[in-house]
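Structure, as C-alpha cells:
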Amino acid sequence: MVTAIKEEFYKFNHERVSLYGLLFLLAVMAYGALTGKMNKTDLIYGYDAVEWIPIIIIAVASAFFAMEYTNNTIIMLLYKNSNRLRIYLAKFFIIFLYAIFLAIAAVLLTFLLSLVFVPGKYHWTAIIHGHSIIGDLLINMGATLLYCFFINGLSFMLIMLVKVNAIVICIGLFLGYIGASISVALMEIFPSAINIIKWNPLSMIFISQQLTRSSLTATSHLSNIQLIIATVMYGIVFGTIGYFVFKHRRV
C-alpha cells in the first residue's frame, strides 16, 4: 500500500492540475478579500475558501482519475499492480491529502490577507459571540475537510459512472452553488417528509458552515453530530460504489 501511495503521489505531484487548483484557490481568496466587507465572517470562512476548496477537489479528483484512461496509462498501472483496491485507495488518500494541503494554505493566506487589508482590526483570540475568530476558522476548515471526504467519494463514483471529466466538474459546480437551495426547497415543498428529505446528500454542504453557525440547524434540520456522521457515511458509500464500478470496468 505504501508503494502504491508513493507512486500516486509522484504522479499527482507532476500533474499541473494540482498547481492550478492551488493557484485558483489563492486567486479566489484574494478576490474575496478585495470585494468583501472585511468583517469577522470573511475571516472565519477564509475569504470563501470553505466554498471553493470542495469545488477544486471535485475537479482535481475527477481529473486525476480520468487522466489514467485519457493517457491509456491505466493499462500499465493495472499490469504493474493487479490489486485495484490498493490503486483506488491510494488515489483516494492522495486527493484527501491534497484537500488538507489546500485547507492549510487557506488558513495561512487568511492570516496574510487580514494583515494586509485589516491590520490590527481583529484579534484572532478575542471571544466574539462566545467564539474566537481563530477557533471558528479552524473549525470551519475542519468541517470543510469532512465535506471534501464526501466530495472525494462522490467525484470518484461519478468519474467511474459517467467517464466524462467535464460532466463531473459541472455536477460539482451545481452542488456548490445551488445544491443547498434545492435541499431547502424540497423540505419546504414537502414539509411532512422533512425527516426523510433532510438526509439527502445535497444537505451535506451545510457542514462547512453549520458547526460555527448554530442557526443553520433550523435550515438543514440536522444536528451537528447527525451532519458529521451523514457526511462521512455518504463519502464511504459513494467511494465504495465508485470502487466496485472501477473494479469491473474494462480498460
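Filter the range 108-118 for residues that are modelled with pLDDT of 85 or more and either surrounded by 16 or more Cβ atoms within 10 Å (Cβ to Cβ) or part of a loop (DSSP other than H, G, I, E, B) (or both) and give the result.
L109, T110, L113, S114
Counting only residues that are more than 19 Å from the chain's Cα centre (by Cα), hydroxyl-bearing (S, T, Y) and at pLDDT 90 or above, give me the helices (runs of 4 or more DSSP H) lying completely in the range 9-99 with at least 1 of them. Explain how you work it out, then say what you get.
On the way: elements: 16-35, 40-44, 49-70, 73-80.
Here the list is empty.
Working only within the range 146-166, note down all residues that are over 20 Å from E68 (Cα atoms) and of a type in the set (S, T, Y).
Matches in the range 146-166: Y147 only.
Tell me yes or no: at least one residue of the range 119-130 is outside any loop (DSSP other than H, G, I, E, B), farther than 24 Å from Y234 by Cβ and free of Cβ contacts under 8 Å to residues at least 12 places away in the same chain. First the steps, then the outcome.
To start, the set of residues in the range 119-130 that are outside any loop (DSSP other than H, G, I, E, B) comprises 127-128.
Subsequent filtering for residues that are farther than 24 Å from Y234 by Cβ retains 127-128.
Narrowing further to those that are free of Cβ contacts under 8 Å to residues at least 12 places away in the same chain: 127.
Yes, the range 119-130 contains at least one residue that is outside any loop (DSSP other than H, G, I, E, B), farther than 24 Å from Y234 by Cβ and free of Cβ contacts under 8 Å to residues at least 12 places away in the same chain.
Give me the residue from the range 170-217 that is farther than 16 Å from T231 by Cα and crowded, with 19+ Cβ neighbours inside 10 Å and, out of that set, modelled with the highest pLDDT.
Taking the candidates together, the pick is M187.
Six or more apart or on different chains, Cβ under 6 Å: which pairs go from a residue in the range 151-174 that's touching a residue at least 24 places away in the same chain (Cβ under 8 Å) and among the small types (G, A, S) to one that's part of a helix (DSSP H, G or I) and crowded, with 24+ Cβ neighbours inside 10 Å? Could you list them?
Pairs found: G153/G235; S155/I58; S155/A61; S155/S62; S155/V168; G172/I58.
For the range 116-128, what are the residues that are of a type outside the set (A, V, I, L, M) and over 11 Å from K40 (Cα atoms)?
Here is the first cut: in the range 116-128, the ones of a type outside the set (A, V, I, L, M) are 117, 119-125.
Those that are of a type outside the set (A, V, I, L, M) and over 11 Å from K40 (Cα atoms): F117, P119, G120, T125.
The values are calculated or read from the model by the stated rules, or taken from the named source; none is laboratory data. A quick note: this is a predicted structure, and the numbers were derived from the prediction, not measured. Cβ atoms come from the backbone with ideal geometry, glycine included; neighbour counts cover every protein chain shown.
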